[in-house]
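The values are calculated or read from the model by the stated rules, or taken from the named source; none is laboratory data. The shown structure was predicted, so the numbers you read here are calculated from the model rather than taken from an experiment. Because the Cβ atoms are built from the backbone with ideal geometry, glycine has one as well, and the counts that use them run over all protein chains shown. Keep in mind that these areas ignore ligands, DNA and RNA; they rest on the heavy atoms of the full protein, side chains included. Shrake-Rupley method; radii C 1.70, N 1.55, O 1.52, S 1.80 Å.
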Amino acid sequence: MLRFRFILIAAALAVSAPLFVNAQTSGAEASAASVAKASEKITAVPFRAGTILSAEIGKLKPAFDVESEFDKPAIENPAWIELIVKLDSGRSLSRFDYEIVGKNGSYPCFAVAEGADGYSVDPEKWIIKTSSPLRYYRLLFPVRQDEIAAAKKELLPVTLKVKLYDTTLPPASFQVRVMPEGKNFTRVSSVRPEGLCNMTYHEAFESGK
């Protein structure tokens, strides 16, 4: 009788052992997947009107088609932050909608542009009334030069806030890539659909070489 019970117990252990091992393995795999997911960079950042695909800060002023002595940045000799965004269907965009909050101040948007078009202070270019979810748009913010010095490991934490009115939607927080000395902002055609936010210049453009 005892021998029969021993055989039953041994058989039960033999059946349950693979299940226990599989459970342990599955748990380890899930844990590893969770860690990997947590370590991934969020390269496309949602904001009120769409998605931010690229965010950069640099010293070189981007091209303007129209400028004016009467419409200049409030900051003298600024650095520049440029965002490349994709808008949700039916959304509009204007130079009055947003401000960037950096380490050393808040900075209103100065100009917007569609695709690779040059920026302009022409009142006709202040607002993009009709947008397409298939196109990219750019927002330009003049900021203090010392924002670049506030960056850590070539990334500057900033927040994009709605400027004109209060909203219950949380602001978008992300890290702006510091452009190497002498480098212009990344061309719209070089921005990947999955986005390049929260990535250094090396991570975005040189790590795969």
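Which pairs turn up if I take residues in segment 48-77 that are farther than 27 Å from P157 by Cβ and look for partners that are open to solvent by 40 Å² or more (accessible area, probe 1.4 Å) with beta carbon separation below 6 Å, at least 6 apart in sequence or on another chain?
Pairs that qualify, where the first residue is farther than 27 Å from P157 by Cβ and the partner is open to solvent by 40 Å² or more (accessible area, probe 1.4 Å), are V66/D122.
Which of (1) touching a Leu at 6+ places or on another chain (Cβ under 7 Å); (2) under 18 Å from F47 (Cα atoms); (3) open to solvent by 20 Å² or more (accessible area, probe 1.4 Å); (4) modelled with pLDDT of 95 or more is the odd one out, the single condition L196 does not satisfy?
Every condition holds for L196 apart from (3).
If you check K183 against the conditions, is it open to solvent by 30 Å² or more (accessible area, probe 1.4 Å) and assigned to a loop (DSSP other than H, G, I, E, B)?
The answer is yes for K183.
Here's a check for you: in segment 124-157, which residue that is in contact with a helix residue (DSSP H, G or I) (Cβ under 8 Å, 6 or more places away or on another chain) and under 18 Å from Y107 (Cβ atoms) is least open to solvent (accessible area, probe 1.4 Å)?
L156
Report every pair of residues separated by at least 6 positions or lying on different chains whose Cβ atoms are under 7 Å apart, first residue within segment 117-143 and modelled with pLDDT under 95, second open to solvent by 80 Å² or more (accessible area, probe 1.4 Å).
P133/K86; P133/S89
Only one of (1) at pLDDT below 95; (2) open to solvent by less than 30 Å² (accessible area, probe 1.4 Å); (3) of a type in the set (A, V, I, L, M) fails for L169. Which number is that?
(2)
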